[in-house]
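Report on the following structure.
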Amino acid sequence: MKIAIGCDPNATEYKEVLIPYIEELGHECVDFGSDDPIYANTAIRLAESVAAGECDRGVLICGTGIGVSIAANKVKGAYAALVNNIYQAQRAQLSNNANIITMGAQVTGIELAKCFVKEYLSCTFDPNSRSAPKVARITEYENEK
């Protein structure tokens with residue numbers, strides 16, 4: 001898969017550790033940078049790329065993961081989930097078909113973040129699952145606007 005990754009300046013070192021890790025897992029990384037102090041700019045650019053299908057999934061990082069999640073979710077077709085544990089990383093894809101995960105570099109250790117990324121990228125949403133009608137309603141609502 002082609003994975004978009006980006007962060008704010010506070011999470012640059014974190015992102016620089018995750019890129020080779022994601023590549024070791026067999027994925028291609030597209031770096032959306034980390035220099036813009038307005039994290040929303042990076043989050044929006046990354047989310048637009050994922051929503052357009054230029055990248056398959058995305059990983060966004062800021063101090064808490066909250067800001068980039070809010071910003072990415074403003075982009076139509078982007079579904080960003082803040083993950084804080086392994087179960088959430090799995091369910092972001094399995095239950096919610098999230099195409100982006102977000103994490104906080106100031107609240108999650110890098111080794112745990114690697115586990116989150118690995119779990120998230122190893123899962124695939126089943127369109128026939130019991131979660132499918134719930135996810136479909138989100139997309140329906142988004143398309144009503």
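Taking the listed residues G33, G67, G58, the one that is more than 18 Å from I3 (Cβ to Cβ) and either assigned to a helix (DSSP H, G or I) or open to solvent by less than 60 Å² (accessible area, probe 1.4 Å) (or both) is G67, with no other qualifying. So, of the residues in segment 100-145 that are among the aromatic types (F, W, Y) and either open to solvent by less than 20 Å² (accessible area, probe 1.4 Å) or assigned to a loop (DSSP other than H, G, I, E, B) (or both), which turns out to be nearest to K15 (Cα to Cα)? For segment 100-145, the residue satisfying everything is F116. Across segment 82-99, not a single residue is classified as touching an Asp or Glu at 6+ places or on another chain (Cβ under 8 Å), open to solvent by less than 20 Å² (accessible area, probe 1.4 Å) and in a strand (DSSP E or B). Of the listed requirements (1) closer than 23 Å to I19 by Cβ; (2) open to solvent by 70 Å² or more (accessible area, probe 1.4 Å); (3) under 13 Å from the mean Cα position of the chain (by Cα), A78 misses just one: (2). The residues in segment 1-21 that are surrounded by 16 or more Cβ atoms within 10 Å (Cβ to Cβ) and either closer than 18 Å to K74 by Cα or within 13 Å of the chain's Cα centre (by Cα) (or both) can be counted, and the count is 8. Checked against (1) within 15 Å of the chain's Cα centre (by Cα); (2) surrounded by fewer than 16 Cβ atoms within 10 Å (Cβ to Cβ), T42 passes all but condition (2). Within segment 22-36, does at least one residue satisfy the condition of being farther than 17 Å from L112 by Cα and touching a Phe, Trp or Tyr at 6+ places or on another chain (Cβ under 7 Å)? Among the residues of segment 22-36, not one is farther than 17 Å from L112 by Cα and touching a Phe, Trp or Tyr at 6+ places or on another chain (Cβ under 7 Å), which makes the answer no. Residues of segment 20-30 that are assigned to a loop (DSSP other than H, G, I, E, B) and touching a residue at least 12 places away in the same chain (Cβ under 8 Å): L25, H27. All conditions but one from (1) in contact with a strand residue (DSSP E or B) (Cβ under 6 Å, 6 or more places away or on another chain); (2) closer than 29 Å to E140 by Cβ apply to C29; the one that does not is (2). In this structure, R57 does not satisfy being under 17 Å from K118 (Cβ atoms), among the basic types (K, R) and without any contact (Cβ under 8 Å) to a residue 12 or more places away in the chain. Restricting attention to segment 45-54 and to residues that are in contact (Cβ under 8 Å) with a residue 40 or more places away in the chain and of a type outside the set (V, I, T), the residue that is surrounded by the fewest Cβ atoms within 10 Å (Cβ to Cβ) turns out to be E54.
The values are calculated or read from the model by the stated rules, or taken from the named source; none is laboratory data. The structure displayed is predicted, hence computed values, not measured ones. As a convention, Cβ positions derive from the backbone with ideal geometry for all residues, glycine included, and neighbour counts pool all protein chains shown. When the accessible area is computed, the model is the full protein with side chains, heavy atoms only, and any ligands, DNA or RNA have been set aside. Shrake-Rupley method; radii C 1.70, N 1.55, O 1.52, S 1.80 Å.
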